[in-house]
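Let me begin by presenting the structure, written as structure tokens, before commenting on it.
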Amino acid sequence: MNGVQIVNTMHSLQKEEGSSIENLYKKKVPFLMIFKNPLGVQSIVNYVQAAIMHGQVQVRADAAFTFKYILDFAEPTAIKKEIVKICGALIRVVNDKFPQDLKLQIFLALKLI
């Protein structure tokens, strides 16, 4: 099982059980190397922001879930310039008429900020 499959499995478990992300994994490292550099954060945030703004409902939920990972594993100094983009995208989508599952993922991501 590679890393992507593990994340997808954890995401599926969260949906089925309704449990929070804190129960699905234990953070063993303070940050990921790609998220230590502001350019690494920026490169991922731009794609996730486009997905949450223009994707279908499931894509938007996955994008909100991805924002949670970015916020959890990024260095605070690296994410500093992107935090407005992240918050803005999440708040715009939460105000639209979307299912509760999507709004839950968005609120959980905003909680990390």
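The values are calculated or read from the model by the stated rules, or taken from the named source; none is laboratory data. Given the structure is predicted, the values throughout are model-derived calculations rather than measurements. Neighbour counts are summed over all protein chains in view; Cβ atoms, including those assigned to glycine, are modelled from backbone coordinates with ideal geometry.
Any residue in the stretch 22-36 that is at pLDDT below 85, assigned to a loop (DSSP other than H, G, I, E, B) and under 22 Å from Pro99 (Cβ atoms)?
The answer is yes, given that some residue of the stretch 22-36 is at pLDDT below 85, assigned to a loop (DSSP other than H, G, I, E, B) and under 22 Å from Pro99 (Cβ atoms).
Conditions: (1) modelled with pLDDT under 80; (2) exposed (fewer than 11 other Cβ atoms within 10 Å of the Cβ); (3) not hydrophobic (A, V, I, L, M, F, W, C). Gln14 meets all but one. Number of the miss?
(2)
Would you please list the contacts, defined by Cβ atoms under 8 Å and residues six or more apart or on different chains, that run from a residue in the stretch 44-67 that is exposed (fewer than 13 other Cβ atoms within 10 Å of the Cβ) to a residue that is outside any helix (DSSP H, G or I) and of a type outside the set (A, V, I, L, M)?
Pairs that qualify, where the first residue is exposed (fewer than 13 other Cβ atoms within 10 Å of the Cβ) and the partner is outside any helix (DSSP H, G or I) and of a type outside the set (A, V, I, L, M), are Val57/Phe98; Val57/Pro99.
Does Ala63 satisfy the criteria of being at pLDDT below 85 and within 16 Å of Leu112 (Cβ to Cβ)? Reasoning before the result, please.
Working: at pLDDT below 85: no; within 16 Å of Leu112 (Cβ to Cβ): yes.
So Ala63 fails the test.
State whether one or more residues within the stretch 75-82 are more than 10 Å from the chain's Cα centre (by Cα), of a type in the set (Lys, Arg) and either within 24 Å of Lys27 (Cβ to Cβ) or loosely packed, with under 14 Cβ neighbours inside 10 Å (or both).
Within the stretch 75-82, the first condition is being more than 10 Å from the chain's Cα centre (by Cα), and the residues that meet it are 75-82.
Pick out the ones that are also of a type in the set (Lys, Arg) and you get 80-81.
Applying the additional criterion that residues be either within 24 Å of Lys27 (Cβ to Cβ) or loosely packed, with under 14 Cβ neighbours inside 10 Å (or both) yields 80-81.
Yes, the stretch 75-82 contains a residue that is more than 10 Å from the chain's Cα centre (by Cα), of a type in the set (Lys, Arg) and either within 24 Å of Lys27 (Cβ to Cβ) or loosely packed, with under 14 Cβ neighbours inside 10 Å (or both).
Only one of these conditions is not met by Lys85: (1) loosely packed, with under 14 Cβ neighbours inside 10 Å; (2) of a type in the set (Lys, Arg); (3) part of a helix (DSSP H, G or I); (4) modelled with pLDDT of 85 or more. Which number is it?
Only one criterion is unmet by Lys85, namely (1).
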